[in-house]
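Note sheet for the following structure.
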Amino acid sequence: MISRRRFLTGLGGAMVALPVLESVKFLGGRASASGSETPVYSVFVRQGNGCQQSVPTRDEIDRFWPSQLGAITTESLSQGDSSQAVSELADYASSLLLVRGTRFGFRGQGCGHSGGINQCLTAAEVTGSGRSSLAGGESIDWFLSKQVNPVGVEPLTLMSGPQDAYIAHGLSYTGPQQLRAAANNPFAVYQDLVGLTGASQELLEAIARRRTSVNDLVRTEMRELLGKPYLSASDKQRLQTHFDVIRDIEVNMSCQLTDSEVMALEDISGAAADNGNRVVVAEMMMDLIAMAFSCDANRVATLQIGTGNDGTRYMVDGELQNTYHRISHRIDGDGTEGDPIAGAAVLHHKIDRIFAKMFRHLLDRLSVYTGPTGGPLLDDTVALWTNDLAAGSHNYGDIPQVVAGKAGGYLKTGQYIDAGDVTHNQFLNTLISAAGVCKPDKSPYDSFGDSSLDKGFIGAMIA
Amino acid sequence: MRLATAFLFLASLAPGCVGEAPTNNDKGIDENVAEAPRFPRLTNAQWHATVADLLYLDAPPTLESELQADPPLGRFDNNIQRLIFSAVHWRSFQRAAEEVAEMASTSEGIRTAISPSDMPSDLQDAGRAFIEHFGPRVFRREMRVEEVERYLLVFVEGVDHYPEMSTIHAGIRVTMEALLQSPHFLYRVEDSTSDHIAVSLSGHEIASRLSYAFWNTMPSDELLAAATSGDLDSRDGVRDWANTMFDDKRTEAQFDNFHLQAFQMNEYADLDKDPTLFPDWNREVGEAMQTETLMFLGNEVFGGGGVRELLVSTHAFVNSDLAALYGVEGSFGDEFVPVELDPTQRSGLLTRLGFLTKNATLTQSDPIHRGVFVNLNLICRPFPEVPNLPDSFDPTGDTNREQVDSITGPGTCGGTCHTEIINPIGFGLEHYDALGQYRADEGGQPVNASDVYVFESGQEIAFENGLELSEKLASSAEVHACYIQQLLEYLLGRDLLPADMELVASWAQESVTDGLSIREIILRVVESSNFRYRASKGEMQ
């Protein structure tokens, strides 16, 4: 870990961020009234283990959704539906779009959790099981990033949780079977985002000269390899990707966190994966996402909270509870056997509320900044709080999809709808369109995910 | 000297043009050689170990820069097909390279270790000497003249970038920055070409395959010298070198890592048990179980044992905690000492504490997970799709077996998979409780550990208990093939292809009938065409 001293002074040139910004041409965006395009930002937050809701295989009342489909208001959520998990988001009712009735298109392969997390943002078929399970397609964050971020800017792939746990990663795919690990240390993420913004002009120029010299040499070697006649398609792609990401001048952010916020990130960096820091690290990652969006340094991010079968022990009612995974299965065991956990359904609901509060933190942060259309940045964002299971019993049938943000006015927010039991690729297609990526004829995008799934989008989500 | 005279001439050829024609021993290579990526990237673990070796450090340096995490790489953590490259990777490799270069160039000890002993004082001469000495170790092969010249330009301008340093130290620093970001360092480049469908790899390419397979790090100076002198250009040469590598502690660590992943032992130390039933259970006992299992497996592999011994040997290593659980009498402390387990209660892996404890619930043995584990990891038998779990179970019966049978046995929704594939194996291990302790009865009820398992081939095995089950699995070609298949996958660092499976099948047969040692199987892997050759145009994804 780079110490604060090194980080801020840039001694040794361990980091770089040049004051000269490249001329960035973003490809996507929402056409404004004036005809110019304004960016739309996308963030996908993932909860595991399902939510506490009523599903056919489980005899429980619903404590997640509003009681009625249709319009939702701050008043309806905070009063009539105060017993429901989504009531935690009541203040943002006018920005919310709650969508039930979407399901995953493919079954799991022996492990509901790995099958779920791999399909969650890919809508792709999953091969393998458990820790060796992989999705057969690109995830929505990478799909969008290629459309709306400049070359060299990749989506932020973040998590709060341990990287060495069972099914530690599984959300973000650069392509079929190409899983990208999520970063779990917010201080390291911040360093990567802002570079040496505090360094002197003289030092930065020196670093630029040195790195250009080194990069030129490396580029020469890469070109030689890329020119080999024997390259297979996959080898060529691997090398070309490497070649393309070598850059002399980083796209830098013009904004930073405050010193005290940076200190907080550094203080937690050695314990970012600790159970007790799950919530605070998730919120720090949200701070970083909102900051990156506010500076237009990145337009797409994923945040995975907890691991595949999330074993986090959450603090509920002042007590450290059994693992979330066991609570979600309602028994004191990670398999099929174990004593019942008393009040597990209510505990699960209270954990849903913890997730709702974390999501609210993201919405708070997105509301602090002013977005490109002049209102809160949230208005120019699509924020999704999703899950890789419908409920704790490994159901893929009614995934809780909570969208916030108007996406520049594209989404019809302030409502709770039932999509009608469609595969969730259609839901993701609608989010893709909301992020500004449509078909050439400007009609909504309809073909993300596995080609065997029914194409389409969810018209009721669109304003 | 391992050099085969017939291949002496090869040493004079430029890297990438070795061109060994398939010999009689390599008959059928064109048909059998497997495809593979030509540019496997170093994993993060390999990067750290390689940097340590480059600088002659005892352990990987503690860096302030973090490398971008590698995702789970499939069954094993060295699977080159799963390694992606992205901008985040590049930035993290860049930062780490700069940090290592700073550390090395400002440390007199490291500078001395990595520089030639007769370092000239003239800047140009010093740069050339340093690059020709250090560069081949970074590239894991000889450098071409134009490559040396290219790096020399960077070396000479080093002082422009680091004016506070001496000219030579600054040159070393910036040159190291470049070398450690070079694709020839970050990838194990396999550049050899041939008119044949099968391309014989150069000695240096084989040296890298060997060192990363056995040590998970770069070749030693001796191994690089062997490659340069042509020692690795023949089948026998490769075999002989691999044989010597067994004497290295790093090889033991590498096969510990193999067993750790193949048998999912990482979780042994992270298990929960009911504190009322098992008051002495704690994390340290789980860690001891992991240590014991690794020592047992390593002892068999490095002591000349075969796949059979892994399943039936009663050799064990116990400390006081494990001796108590195994019921071994005597005086024991914290140290692990070799013992023989009671052959009427114990045999190999399936009757060892770690496996049994991991595949158990808080309170009870877990026949389902034991059966699943054996099918997936010892027999390599895939399962059909698994249905969603029912929401609640209502088991009936007096014994654990009866209860499991009542919810997954004949007449239930688990009737097919559980009754025929999963449960029989798990039931065979019902003499071992949630901590792997032997039990003659279960709360006064007799233990029924007899059952019949039917392989995919239709072959049936009947057994009365875990000992017979282990014995019969140890005589099964499927089990031998499964272990060898995983071993091959680990040594090659990639998913297996049909061409690989033919080798697996033939070795498995010999392993069953002739008791081939695992060491011999490993040597056969590295001398095989699939290790020493590559397809000329691999399209493996």
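The values are calculated or read from the model by the stated rules, or taken from the named source; none is laboratory data. Not measured: the values here are computed from a predicted model. Note that we place each Cβ from the backbone using ideal geometry, even for glycine, and neighbour counts take in every protein chain shown. With ligands, DNA and RNA removed, areas are computed over all heavy atoms of the protein, side chains included. Shrake-Rupley method; radii C 1.70, N 1.55, O 1.52, S 1.80 Å.
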Positive dipole terminus of segment A:88-238, leading residue within A:212, A:99, A:166 (C-beta point charges): A:166
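Nearest 100 Å² is fine: what is the total accessible surface buried where chains A and B meet, probe 1.4 Å?
On the way: alone 18940 and 23430 Å², together 35960 Å².
Buried surface at the A/B interface: approximately 6400 Å².
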Exposure ranking of B:314, B:363 by accessible area [1.4 Å probe, largest first]: B:363, B:314
For a label point 7 Å along the Cα-to-beta-carbon line of residue B:464, residues of segment B:427-444 with backbone N under 19 Å: B:427-432, B:438-442
Largest-first principal axis extents of the Cα set of chain A (Å): 66, 50, 49
Area accessible to solvent at residue B:144, 1.4 Å probe radius, in Å²: 80
Label-point gap, in nm, between residue A:368 and residue B:266 - each point 7 angstrom along Cα→Cβ: 3.5
Three-way shape call for segment A:226-312 based on the alpha-carbon gyration tensor, with the a/c threshold at 1.5: oblate
Whole-angstrom gap from segment A:247-312 to segment B:332-383, using each part's C-alpha centre: 41
Mean-position separation - Cα centroids, segment A:330-357 and segment B:460-529, in angstrom: 42
All Cα pairs of the protein assembly as shown, percent lying beyond 36 Å: 56
Flagged links, alpha-carbon separation over 30 Å, of A:406/A:439; A:236/B:249; A:350/B:273; A:406/A:442; B:249/B:472: A:236/B:249; B:249/B:472
Pairwise FRET efficiency - residue A:442 versus residue A:68, Cβ, R0 = 30 Å, nearest 0.05: 0.35
Share of carbon and sulfur in the accessible heavy-atom surface of chain B [1.4 Å probe, %]: 50
Cβ-defined net charge surrounding residue A:460, 13 Å radius [Lys, Arg +1; Asp, Glu -1]: +1
Accessible surface of residue A:236 - all protein chains present, 1.4 Å probe, nearest 10 Å²: 100
Order of exposure, largest accessible area first, which applies to B:239, A:103 with probe 1.4 Å: A:103, B:239
Degrees separating the helix A:233-245 axis from the principal Cα axis of chain A, which is the longest one: 70
Total charge dipole magnitude, segment B:412-535, about the Cα centre, Cβ charges on Lys, Arg, Asp, Glu only, Debye to nearest 20: 600
Segment B:282-435 shape via C-alpha gyration tensor axes, a/c threshold 1.5: prolate
Label-point gap, in nm, between residue B:282 and residue A:463 - each point 7 angstrom along Cα→Cβ: 6.1
Solvent exposure, largest accessible area first (probe 1.4 Å, DNA, RNA and ligands not counted), of A:60, B:464: B:464, A:60
Built amide H within the under 5 Å cut-off of residue A:156, gap 5+: A:300, A:301, A:302
Exposure of residue A:166 as accessible area (Å², to 10), given a probe of 1.4 Å and all protein chains: 80
Two-site FRET efficiency, residue B:506 against residue A:75, from Cβ-Cβ distance with R₀ of 56 Å, rounded to 0.05: 0.15
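What does the C-alpha gyration tensor say about the overall shape of segment A:378-463? Classify as rounded when a/c is under 1.5, otherwise prolate if a/b is larger than b/c, or oblate.
Since a/c reaches 1.5 but b/c is at least a/b, the shape of segment A:378-463 is classed as oblate.
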Pairwise label distance in nanometres, residue B:496 with residue A:452, each label 7 Å out on the Cα-Cβ vector: 2.6
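Return the percentage of antiparallel bridges among DSSP beta bridges fully within chain A, rounded to the nearest 5 %.
Values: 22 of 46 bridges.
For chain A, the DSSP antiparallel bridge percentage is about 50.
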Cα-derived Rg to Rh of segment B:175-329, Kirkwood definition: 1.13
Using alpha-carbon coordinates, inclination of helix B:123-139 to the longest axis of chain B, degrees: 20
Cβ-derived FRET efficiency at R0 56 Å, residue A:236 paired with residue A:202, nearest 0.05: 0.90
